[in-house]
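*Asks:* Can you keep this structure in mind? I'll have questions shortly.
The values are calculated or read from the model by the stated rules, or taken from the named source; none is laboratory data. Keep in mind the model is a prediction, meaning the values are calculated, not measured. Virtual Cβ from ideal backbone geometry, glycine too; neighbours counted across all protein chains shown. SASA here: full protein model, heavy atoms, side chains in, ligands and nucleic acids out. Shrake-Rupley method; radii C 1.70, N 1.55, O 1.52, S 1.80 Å.
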Amino acid sequence: MTTVNMTVNGRKVSGEVSDRTLLSQFLRENLNLTGTHVGCDTSQCGACVVHVDGKAIKSCTTLAAQMDGTSVTTIEGLANGADLHPVQAAFREHHGLQCGFCTPGMIMTAVDMIERAKASGRKLDEKTIRAELEGNICRCTGYHNIVRAIEAAAAAMA
Amino acid sequence: MYDVNYHRASSVEEAASLMSRAEDGKFVAGGQTLIPTMKQRLAAPSDLIDLRHIASMKGIRVEGGKVTIGAATTHAEVAGSADIARVCPGICSLASHIGDPAVRHMGTIGGSIANNDPAADYPAAMMALGADIVTNKRTIAADDFFAGLFETALEDGEIITSVSFSAPVKCAYAKFANPASRYAMAGVFVARFDDGSVRVGVTGAGSDGVFRHKGMEDALTSDWNAGALDGVSVDEGMMLSDIHGDAAYRANLVKVMAKRAVAAAG
């Protein structure tokens, strides 16, 4: 067993977990933050993407113990009270989801992608957005509206 | 995943000492291969020794034409390094196409090289760049390091601390990715050095893992031009053959990727 300390969505949390506990399990089962989804559980689908110290990672492919001492943001930590994050608002506006299962990971990946592009002064075009969505799988939308939502959010956050 | 004891090392010496006390330990860096393998119970180490927090294994140094990359440096950091891009853009481009953005934020160059997956990208670059693989015990030339599928010259408990190489005059990497897994079905790294010599590293295609192709190197040394590869033959007998592509298909892909790499290097 290991004691894990993290800041999750701005709140200091602590948990006693077995060393093999995945970050996705810790978030969902210990902290009841079930917005982070587990789809494939084999690092491919990206439903479990969260931000660790500002970078998107797959929480199903990381041990909670490896992330001791970090700051984690999950989908629950994006909105400001009742105000949706611009990426969440754009996904709603542009119908960037159908069943919604992949959406938390899509949105966390999109926020990371937009912020990295901003930091390096690059404009996100459709081709880049599609390439950057490599690690996120959606079986409903055909991606078209997701790409549109990310384009709109990038413009709103510019 | 079977139960495991996790340890975080803060120095190379501490990591080596933790490993020597472990019953059946494994080093973990980004864990992007090892954690999924453990989840499938294809690996079941008693102990995991985390190398990600060892300061001396992180970071990138470019001095003159000499590039040194700490083993715990992530793919995203290599892909985004302006210092490396100035002298060896081919390796930045290679790193920017490994896995996906989330994987690149965790996966490390040392982990990729130590695992020596026959379809991993970095080994091709290490071979073509004539890199030195530096461990806590010695320095191993890339030519002597990679020893077949998932096999390397690393001894038990030996830790890669950094890799270093002299920047070539020109280089590029071209990969034909499997449409589903995105691993290389053939990936070719070409590098041309200031003495005119050329080295070609091939990953994803060889039945014995990464290799250099002497015929292509000779052809490109005498004529640095994609067309110089027209007359070079790639031996089907040494190619992987599986449901994704048979040996003849892969042999052809190797040549096509080599030509694309030379064209991209300019």
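*Asks:* Expressed as a rounded percentage, what relative contact order does chain B have, with Cα pairs under 8 Å and six or more residues apart? Don't jump to the answer; show the numbers that get you there.
*Replies:* Working: 600 pairs, mean separation 40.1, N = 266.
15 percent.
*Asks:* Please state the shape class of segment B:131-253: rounded when a/c is under 1.5, otherwise prolate if a/b exceeds b/c and oblate if not, all from the C-alpha gyration tensor. Could you put the intermediate results ahead of the total?
*Replies:* Numbers: a/c = 2.05, a/b = 1.17, b/c = 1.75.
Oblate is the answer for segment B:131-253, as a/c is 1.5 or above yet b/c matches or exceeds a/b.
*Asks:* Send over a whole-number figure in Å² for the accessible area per residue of chain A, probe 1.4 Å.
*Replies:* 45
*Asks:* Could you tell me which of B:Ser20, B:Ala9, B:Pro45 has its Cα farthest along the dipole of segment B:5-50 towards the positive end, charges placed at Cβ (Lys, Arg +1; Asp, Glu -1), taken about the Cα centre?
*Replies:* Looking along the dipole axis, the top candidate is B:Pro45.
*Asks:* Something else about it: Testing the spin-label approximation: label points 7 Å from Cα along Cα→Cβ at B:Thr37 and A:Arg130. State their distance in nm.
*Replies:* Spacing of the two 7 Å Cα→Cβ label points: 3.4 nm.
*Asks:* Here's a follow-up. Alpha carbons only, please: Rg and Dmax for chain B, in angstrom.
*Replies:* Here Rg and the maximum Cα pair distance are 18.1, 56 Å.
*Asks:* So, one more: At a 1.4 Å probe, which residues in segment A:16-45 are at least 50 Å² less accessible with all protein chains present than in their chain isolated?
*Replies:* A:Asp19, A:Arg20
*Asks:* Between A:Arg92 and A:Ser120, what FRET efficiency follows from the Cβ-Cβ distance if R0 is 30 Å, with the result rounded to 0.05? Could you put the intermediate results ahead of the total?
*Replies:* Numbers: r = 28 Å, r/R0 = 0.92.
Calculated value: 0.60.
*Asks:* Quickly work out the A:Cys99-to-A:Asp41 label distance, labels modelled 7 Å from Cα along the C-beta direction, and quote it in nm with one decimal.
*Replies:* 1.6
*Asks:* In segment B:104-126, what residues drop by 40 Å² or more in accessible surface going from the chain by itself to the full protein assembly, probe 1.4 Å?
*Replies:* With the partner chains in place, segment B:104-126 has these residues losing at least 40 Å²: B:His105, B:Met106.
*Asks:* Right, here's the next one. Please calculate how many Å² of accessible area segment B:173-266 carries per residue, with a 1.4 Å probe and no DNA, RNA or ligand atoms counted. Walk me through the numbers before you get to the answer.
*Replies:* On the way: 4150 Å² over 94 residues.
With all protein chains present, segment B:173-266 gives 44 Å² per residue.
*Asks:* Could you compute how fast segment A:86-157 diffuses translationally, taking Rh as the Kirkwood radius over C-alpha pairs and applying Stokes-Einstein at 25 °C with viscosity 0.890 mPa s? Give it in µm² per second.
*Replies:* 208
*Asks:* Okay, next question. Mean residue ellipticity at 222 nm from the helices of the protein assembly as shown, using -39,500 (n - 2.57) per DSSP H segment of n ≥ 4 over the full residue count, to the nearest 500 deg cm²/dmol?
*Replies:* -9000 deg cm²/dmol
*Asks:* Please state the shape class of segment B:1-108: rounded when a/c is under 1.5, otherwise prolate if a/b exceeds b/c and oblate if not, all from the C-alpha gyration tensor.
*Replies:* oblate
*Asks:* Still on this structure: Which of the chymotrypsin sites (Phe, Trp or Tyr not before Pro) across segment B:110-209 are loop residues per DSSP, with 14 or fewer other Cβ within 10 Å? If you can, show how the numbers build up before the last one.
*Replies:* Numbers: sites: B:Phe145, B:Phe146, B:Phe150, B:Phe165, B:Tyr173, B:Phe176, B:Tyr183, B:Phe189, B:Phe193; in loops: B:Phe150, B:Tyr183, B:Phe193.
Here the sparse-neighbourhood loop sites are B:Phe150.
*Asks:* Counting protein heavy atoms only and a 1.4 angstrom probe, how many square angstrom of accessible surface do chains A and B bury in total, to the nearest 100?
*Replies:* 2100
*Asks:* Next question. Once you sort the root eigenvalues of the Cα gyration tensor of segment A:38-147 as a ≥ b ≥ c, which label holds: rounded (a/c under 1.5), prolate (a/b larger than b/c) or oblate (the other case)?
*Replies:* Rounded shape, in that the Cα axes give a/c under 1.5.
*Asks:* Using a basic spin-label model with each label point 7 Å from the Cα along Cα→Cβ, how many nm lie between A:Asn5 and B:Glu151?
*Replies:* 4.7
*Asks:* Another one. Which entries of B:Lys66/B:Lys255; A:Lys58/B:Lys175; B:Lys66/B:Lys137; A:Lys127/B:Lys259 show an alpha-carbon separation above 26 angstrom in the structure shown?
*Replies:* Values: B:Lys66/B:Lys255 29 Å; A:Lys58/B:Lys175 24 Å; B:Lys66/B:Lys137 21 Å; A:Lys127/B:Lys259 24 Å.
With Cα atoms farther than 26 Å apart: B:Lys66/B:Lys255.
*Asks:* Also: Given 25 °C and 0.890 mPa s, compute D for segment B:5-50 with the Stokes-Einstein relation, Rh being the Kirkwood radius over Cα pairs; round to the nearest whole µm²/s.
*Replies:* Numbers: Rh = 10.7 Å.
Estimated via Stokes-Einstein, D reaches 230 µm²/s.
*Asks:* If you don't mind, there's one more thing I want to ask. Rounded to the nearest percent, how much of the accessible area of chain B (1.4 Å probe, protein heavy atoms only) is carbon and sulfur?
*Replies:* Ligands and nucleic acids excluded, carbon and sulfur give 48 percent.
*Asks:* Still on this structure, please answer the following. If you find the alpha carbon centre of segment B:74-144 and of segment B:1-55, how far apart are they in angstrom?
*Replies:* The two parts, judged by their Cα centres, are 20 Å apart.
*Asks:* Using only the alpha carbons, work out the radius of gyration and Dmax of the protein assembly as shown in angstrom.
*Replies:* Every Cα atom of the protein assembly as shown included, Rg and Dmax give 21.9, 67 Å.
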